[in-house]
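The structure appears right after this line, and notes come after that.
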Amino acid sequence: MLVKRFTFKRNNDKGGFQWTAESEIERPGFYRGFTAVGRTLADVKEFANLVRRCGRTGSLERLSEMHPPGFEKRMQTTWGGTWYPQKRKRQ
């Protein structure tokens, strides 16, 4: 499932991370969400592009390994959801 849309929003946090990027995909039995806060709009757009690239190549499970060097100083990220819906146990 490709991540189609991120929303970018400016925060009112004066000292820290001033931009947020969010994307969610939800359908019955499946949920995936991505969020990043960053110092600049370019930082959160960089994360969004990385998520999209991982989605296209089928390597979303390796997303944490693909962050650029020094990203911890520029942004904080989180993601979660149903990563392997086809491997769910049937009851």
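Quick notes on this structure:
- Partner aspartates and glutamates whose Cα lies under 16 Å from the Cα of LYS45, excluding those fewer than 8 positions away in the same chain, are identified as GLU22, GLU24, GLU72.
- Spacing of the modelled spin labels on LEU41 and GLU24, each 7 Å from Cα toward Cβ, amounts to 2.4 nm.
- Separation of the THR78 and SER64 label points, Cα + 7 Å toward Cβ, nm: 1.4 nm
- The distance between label points at ARG5 and ARG56 comes to 2.0 nm (points 7 Å beyond Cα on the Cα→Cβ vector).
- Equivalent ellipsoid dimensions for segment 7-83 as semi-axes, Å, which come from the Cα gyration tensor, largest first: 22, 15, 9
Bear in mind these aren't lab numbers, they're just calculated from the coordinates by the rules spelled out. These figures come from a predicted structure and were not determined experimentally. As a convention, Cβ positions derive from the backbone with ideal geometry for all residues, glycine included, and neighbour counts pool all protein chains shown.
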